[in-house]
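**Q** Have a look at the structure that comes next, please.
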Amino acid sequence: MKLKLVLAVALVALLMVDLGTAEKTMKKHRKRKHRVSTTTPASEVAVAAEAEQDVMNILAEDEKEEEKEKEREEDVRANEIVPAAVPDACAEKYCGAGKVCQVAANGEAECVCIPTCPQEVDPRRKVCSNHNETWGSDCEVYQMRCMCDHGSDMCRGDKYKHVHIEYYGVCREMRECSEDEMADFPRRMRDWLFNVMRDLADREELSPYFLKLEREAETNLTRRWTNAAIWKWCDLDGHPHDRSVSRHELFPIRAPLMALEHCIAPFLNRCDVDDDHMITLKEWGKCLELQEDDLDERCEEVRGEEE
């Protein structure tokens, strides 16, 4: 609409110019003695100016109307009732391995055993359990433990309530750990923990509080092994933070060392003195042959500083 009006103004101006030129040509042919004016007559200018003003007035009115239309649209949006977003009940629900979150009929989030595990075709995804059984994937092990915990008919037996992964790959024959090897293993384990902690510190992959423990261990030899033991125990105490480490939570230590250290599994089993499938910091320190007085349960301090 605006473009058409602008073109109309231009057309009127051109017509005025053409009329002025034609008028001058006619006056020359009549050979009038008076001087011919080279300017457009005042009446023609007035007409053109009036036409242009009309167009400008129309354009201004159009702009005002557009502004009013925008205001009406904004008023409609402001008064429109937008349905409130429904919060996801499972958004902050932690269920752990072998479980998934689902919303119950009452709207509450609950953890249930994962119904089906993905079919793995890569043989490297197979795992060996603590019962020396090869499973198709870690998901199947976690799923079975969940089913047994919930009393499902799919549970293979009570012993699977505490089934966990020993290492990745198919089960293989492990060399038996001798008494001499077992006697020396706590020392090697302490050294390994400290070396791992120091390596993570060098790569700047420790949290600020754990880094403080590592720096203290570097300068104070009496704190070297205890700080490393506290770091790893706090690191393993995952969900929930219950101040104890389950056999399942020991997986990050056990699985990668099984191929190199055939004594790791029996060593960790011995750490669970009361055989409740949980290892306290006291049991952890005793297993590593550390003085109980040197061990402080400082995981809450660690998590507090991390937050």
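**Q** Quick test for you: out of ARG190, ARG156, ARG175, pick the one residue that is under 20 Å from ASN269 (Cβ atoms) and open to solvent by 30 Å² or more (accessible area, probe 1.4 Å).
**A** ARG175
**Q** Any residue in segment 246-260 that is farther than 22 Å from VAL141 by Cα, without any contact (Cβ under 8 Å) to a residue 24 or more places away in the chain and over 25 Å from the mean Cα position of the chain (by Cα)? If you could, list the steps in order and put the result at the bottom.
**A** Just the residues of segment 246-260 that are farther than 22 Å from VAL141 by Cα, to begin with: 260.
If we keep only those that are without any contact (Cβ under 8 Å) to a residue 24 or more places away in the chain too, we end up with 260.
Restricting the remaining residues to those that are over 25 Å from the mean Cα position of the chain (by Cα) gives 260.
Checked against the condition, which is being farther than 22 Å from VAL141 by Cα, without any contact (Cβ under 8 Å) to a residue 24 or more places away in the chain and over 25 Å from the mean Cα position of the chain (by Cα), segment 246-260 yields at least one hit.
**Q** For segment 215-238, name all the residues that are among the small types (Gly, Ala, Ser) and surrounded by 22 or more Cβ atoms within 10 Å (Cβ to Cβ).
**A** Result: ALA217, ALA228, ALA229.
**Q** Right, another one. Condition first: at pLDDT below 80, out of contact with any His (no Cβ under 6 Å at 6 or more places or on another chain) and open to solvent by 50 Å² or more (accessible area, probe 1.4 Å). Can you find one or more residues in segment 273-291 that meet it?
**A** No, the conditions are met nowhere in segment 273-291.
Conditions (1) surrounded by 11 or more Cβ atoms within 10 Å (Cβ to Cβ); (2) free of Cβ contacts under 8 Å to residues at least 40 places away in the same chain; (3) touching a strand residue (DSSP E or B) at 6+ places or on another chain (Cβ under 8 Å); (4) hydrophobic (A, V, I, L, M, F, W, C), marked per residue:
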| position | (1), (2), (3), (4) |
| --- | --- |
| ALA109 | yes, yes, yes, yes |
| PRO123 | no, no, no, no |
| LYS126 | yes, no, yes, no |
| HIS131 | yes, yes, no, no |
| ARG145 | yes, no, no, no |
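**Q** Same structure again: Would you point out the residue of segment 159-172, among those that are of a type outside the set (Val, Ile, Thr) and in a loop (DSSP other than H, G, I, E, B), that is most open to solvent (accessible area, probe 1.4 Å)?
**A** ARG172
**Q** Another one. Among the residues of segment 193-214, which ones are of a type in the set (D, E, K, R), surrounded by 14 or more Cβ atoms within 10 Å (Cβ to Cβ) and either in contact (Cβ under 8 Å) with a residue 12 or more places away in the chain or outside any helix (DSSP H, G or I) (or both)?
**A** The answer is ARG198, GLU214.
The values are calculated or read from the model by the stated rules, or taken from the named source; none is laboratory data. Given the structure is predicted, the values throughout are model-derived calculations rather than measurements. Cβ sites come from the backbone with ideal geometry, for glycine too, and all protein chains shown count toward neighbours. With ligands, DNA and RNA removed, areas are computed over all heavy atoms of the protein, side chains included. Shrake-Rupley method; radii C 1.70, N 1.55, O 1.52, S 1.80 Å.
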